[in-house]
Amino acid sequence: MTLKRLMVSAGIAAMLAGSAAAQQTLVYCSEGSPEGFDPALFTSGTTFDASSHPVYNRLAEFKTGTTEVVPGLAESWEASEDGLEYTFHLRSGVKFHSNDNFTPSRDFNADDVIFSFERQRLEDHPFHSASGGSWEYFQSMSMPDLITSVEKVDDMTVKFVLSRPEAPFIANLAMDFASILSAEYADAMMEAGTPEMLNQAPVGTGPFSFVAYQKDAVIRYAKNPDYWADGLPKVDNLVFAITPDASVRYQKLQAGECHIMPYPNPADIQAMQDDEAVTVAQQEGLNVGYLAYNTTVAPFDNPKVRKALNMAIDKQAIIDVVFQGSGQIAKNPIPPTMWSYNDAVEDDAFDPEAAKEMLEAEGVSDLSMKIWAMPVQRPYNPNARRMAELMQADFGKIGVDVEIVSYEWGEYLERSRAKDRDGAVLLGWTGDNGDPDNFLAVLLGCDAVEASNRAQWCHQPFEDLIQEAKTVTDPAERTRLYEEAQVVFKEQAPWATIAHSVVFMPMRPEVEGYKVHPLGGHIFTDVSLAE
Amino acid sequence: MLRFFISRLSTFFVTFVGVTLISFAFIRVIPGDPIIVMAGERGMSQERYEELSRQYGFDQPVLTQFWDYLTGVLQGDLGQSFVTKKPVWDEFFALFPATLELSLCAIILAIALGIPAGVIAAVNRGKFFDRALMSSALVGYSMPIFWWALLLIIVFSGNLGWTPVSGRMGLLYYFPTPTGFMLIDSLLSGQSGAFVSAVQHLILPTIVLATIPLAVIARQTRSAMLEVLSEDYIRTARAKGLKPWRINGLHALRNAMIPVITVIGLSVGTLLAGAILTETIFSWPGIGKWMVDSIFRRDYPVVQGGLLLVAVVVMIVNLIVDMLYGLINPRIRTRK
């Protein structure tokens, strides 16, 4: 039946395409509606999938399937000796898309780069407040403090001047918020009195051009015939069929109504792997789920107490019950897909007896504590309440009494930040730019205490290592520093590292060339459909 | 009739102001600061937080915020979504036709099946059909909607392949949607097969959404009919030797309709609530999904505006129902 319907729809597709050779249309059952199409205004992956990946390019790009940074709209770049100036040489002959209201009169050049950054950076820029939005990602990556100026050297050369050496800078420029928009389109829309069109009808240089969007229903894209990378993209049309329910996405995939889907129900994965009409790609996600002790409150200010508690947690049981197999035990604060991951670090052994003895040796008895369970599902923690219950049982076995608390999500984030917080917090992190700094400094650095450092942990030997790694540009040297930082982290145990999620992408067998992207995006530039 | 209309309209206005107040207060009582929810795990600096607070007007006293909102509403300005930055009004009108189309189809199906079923059950009281109908009505009434929807999808879309799994229109069809009603737009588009595709996509969600109102209407019709059938004038009509279909169809049914219409009016509220689940499962681009998302994101303007607009729709339907009473039963419209 399914096959028959596929043939019928293929027939209709051919009919619609007229006499031309069959057009290939890739249908992606996406999980939700994008907030808009200007990636710099938003922070959610759903929005990036619909905007920055198909429609735009950046100066540097992440090579799909890796966290490696490769040239994009900049063919090459060099940093000055002191690490304060980066000069980018732009790719020539790159064309912007056109739409009903706009046809570009020139190719991509330095003005577009300057526009794309200055609108986020300068408060008096005409587009700074034009979309009524805020530049959240640009702000949260500290770009306003970091970038001193963006200068046009000539039409095809741009220079960024920084206020301090920052090795992750190039990786930041490969992030979604750094997508390059057309300055000419922006001017045209401003003149027409419709600056919001930048967010509603995007024009970029990416592999697909935007055709139409109907909220909560469908987004349509067409192949960009002038795309600068030869032979890409491989399909003629890209369609997002917005399907919020995971079970329904699976049904649509089986029925041939879409070719590929994200975020399956963990409970369905086994059935999908057994299903001949479906293939499942998988990879560890760029994330970590952890339990952060408050290291400023006794007895959790003692590393040995934290270490003892870590040894009491049966992580394998958590992977089996909470992740239902879609996770892997975490021993380091960064995931294994990230460069500088230190595989030589040994995880704390699961040993309740030894843990109990360690607590006694530290003079800790009748300990009672709170564990905070998040009220929302996240890839790094699909069910925090269940996880907290398992830990409650584990800690109970070594004589530690646990009370589980939870708050509404906004409250949870806010209250867990407090320095005198009572209890250990379940939380996690998904990486932004594939740089270890984005985990180690953001989550464990001294500057982040009372903010994203939920362990309130400021340990000088660790801090020195990650600060030095920020200023060095040699990758080998940075790797060494981060590997050492992970050793210090493990000895000090500010967190119990719990798990990294495994990302599953179910797709139909005719889908070829799809790579699971560690940074979380869903990218279809290299994907083709077998006949 | 005019006096009746005016008195209903004044109630309408009082309710409107009440709903505005409740929708405004309600979302603020739930814990969760929209700015912090937006920032998520990433968090933001205190300066940035204050800047955004100012931008959204949260630094004003709550009473001032309410006054600004109320004056805005009375001028037809429901504000802008925090998330998409689009006017609430525009988003509502882009999505509401989908909900309306689905709800209308569901209520028509519920009435078309529910009233005859209730009449037949009442006439055959205690017989097999009556008992079968009442049991299935009870099942239909108590069934969880999401479970029922998934079951139908798995059987009819998955196993049998008769209907599409979800959505409003086959992805191969692409045409402008001037009215927002897919049944009409697909005909206007002139593309062959588009209308059939629209109907196919409507079948399962309509059945799911109609299930509860259908059960309620059938049960209400049956009990109202039973009551009327025991009246003296029905016995008189029988004694006169009228044909059974004239007795049941004209004399009894017309008088049994008053409570049935009440129930139909009330089910509009149920329908819109049911539409939230139905729309989410069938990826139906209506206001249900929109409102649920807005609550999770603490998107105040959308929650307030959406609640208000939905309340207005329910109130209008109730107003129409009240008018219908008057048409069916002259005693109501002349009562002082």
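Things worth noting here:
- Charge tally for residue A:52 (other residues, Cβ to Cβ under 12 Å; Lys, Arg +1; Asp, Glu -1): -3.
- Taking 14 Å as the straight-line reach from the Cα of residue A:223, the aspartates and glutamates in range (excluding those fewer than 8 positions away in the same chain) are A:236, A:526.
- Cut-off 20 Å, label 7 Å out along Cα→Cβ of residue A:82, residues of segment A:125-156 by amide N: A:144-153
- Förster radius 35 Å - calculated FRET efficiency between residue B:132 and residue B:227, Cβ distance, rounded to 0.05: 0.95
- With R₀ set to 30 Å, the beta-carbon distance separating residue B:319 from residue B:250 gives a calculated FRET efficiency near 0.60.
- Taking 7 Å steps out from each Cα toward its Cβ at residue A:510 and residue B:53 produces label points 5.6 nm apart.
- Degrees between helix A:352-361 axis and first principal axis of chain A (Cα, 0 to 90, nearest 10): 60
- Nearest 10 degrees, 0 to 90: helix A:303-312 Cα axis against chain A principal axis: 80
- The ranking of A:276, B:279, A:463, A:353 by Cβ neighbour count inside 10 Å, starting from the fewest, reads A:276, A:353, A:463, B:279.
- Degrees separating the helix B:253-281 axis from the principal Cα axis of chain B, which is the longest one: 30
- For segment B:88-296, radius of gyration divided by Kirkwood radius, i.e. Rg to Rh on alpha-carbons: 1.06
- Here the simple spin-label model places points 7 Å from the Cα toward Cβ, and for residue A:281 and residue A:401 these points are separated by 5.2 nm.
- Distant alpha-carbon pairs in the protein assembly as shown (separation over 55 angstrom), percent: 19
- Ranked by how many other Cβ atoms sit within 10 Å of their own Cβ, fewest first, the residues A:252, A:215 fall in the order A:215, A:252.
- With the simple model of a label 7 Å out from the Cα in the direction of the Cβ, residue A:229 to residue A:324 spans 3.4 nm.
- Legend: ranking of residues A:339, B:147 from fewest to most surrounding C-beta atoms inside 10 Å; resulting order B:147, A:339.
- Cut-off 13 Å between beta-carbons: net charge of the residues surrounding residue B:175, Lys and Arg +1, Asp and Glu -1: +1
- Over 31 Å between alpha carbons, listed pairs A:252/B:127; A:356/A:419; A:470/A:490; A:95/A:159; A:63/A:95; A:315/A:515: A:252/B:127
- Estimated FRET transfer efficiency (residue B:108, residue A:472; beta-carbon r; R0 45 Å; 0.05): 0.05
- With a cut-off of 11 Å between beta carbons, the residues surrounding residue A:522 carry a summed charge of -1, where Lys and Arg count +1 and Asp and Glu -1.
Read-outs throughout are calculated quantities, based only on the coordinates presented, and are distinct from any laboratory measurement. Worth saying up front: this structure is predicted, and the values here are computed from it rather than measured. Positions of Cβ are generated from backbone atoms using ideal geometry, with glycine treated the same way; all protein chains shown enter the neighbour counts.
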